[in-house]
Amino acid sequence: MTSPNAATAPFSPVQLGTQILIGWSGSNPGTGRETAFLLTYSLGDGPDGPEAGESAMHTALKRSGLRVGGETLDASDLPNLPVKLLVQAGQAVVTMPHFTAQCPVPREWLDVARSEGKVHGMFATRPWPAAVPGQPVSEELLRSFVADPEVIRTSAHCLMPVRSLG
């Protein structure tokens, strides 16, 4: 468990460990509308271990203007929020002050993201070492992580406008 003061603690971005981005689309439980989602998480493999990585992620999110456990921010209303999404050539790229992550996204995701103009980003502070790069993540495994009440409570959520280069 991370203490409330952990969000302001000093950290090194290397403590975050390997940052992963996964995209999927589906019905948003809050609105019932089709939504494109992006999940950012760490493998918990930073040099100081998963607990230090969780604390570092809290700090990185807070410094980026995101609220862990708070309301879903709409980056469209916050032009100075340093959390950006670029969608180009079948890839989603999330850029924040302390890290950048990218992933290929399926055609359905692209269609929903472009149609809605926004993507729901979930930034997990809790490491997820079971979902490693190069290994498929089943729908059941993904659902068990992103729907876990503790993961939801300890994540930051942000609606990010879809931007592209062209």
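The values are calculated or read from the model by the stated rules, or taken from the named source; none is laboratory data. Values in this document were obtained by computation on a predicted structure and should not be read as measured data. Heads up, the Cβs are rebuilt from the backbone with ideal geometry, glycines too, and the neighbour counts pull from every protein chain shown. Areas reflect the complete protein model, heavy atoms only, side chains present, ligands, DNA and RNA absent. Shrake-Rupley method; radii C 1.70, N 1.55, O 1.52, S 1.80 Å.
Points to keep in mind about this one:
- When 102, 135 are screened for being polar (S, T, N, Q), part of a loop (DSSP other than H, G, I, E, B), closer than 17 Å to residue 43 by Cα and modelled with pLDDT under 95, only 135 passes.
- Test: residue in the range 76-84 that is in a helix (DSSP H, G or I), exposed (fewer than 14 other Cβ atoms within 10 Å of the Cβ) and out of contact with any Pro (no Cβ under 9 Å at 6 or more places or on another chain): yes
- Answer from 126, 153, 143 - the residue that is buried (at least 18 other Cβ atoms within 10 Å of the Cβ), farther than 21 Å from residue 85 by Cβ and either basic (Lys, Arg) or at pLDDT below 95 (or both): 126
- Residue that is farthest from residue 59 (Cα to Cα) [pool: residues in the range 10-21 that are open to solvent by less than 30 Å² (accessible area, probe 1.4 Å) and touching a helix residue (DSSP H, G or I) at 6+ places or on another chain (Cβ under 9 Å)]: 17
- Residues that are of a type in the set (A, V, I, L, M, F, W, C), under 16 Å from residue 10 (Cα atoms) and either without any contact (Cβ under 8 Å) to a residue 60 or more places away in the chain or open to solvent by 10 Å² or more (accessible area, probe 1.4 Å) (or both), drawn from the range 46-72: 52, 56, 60
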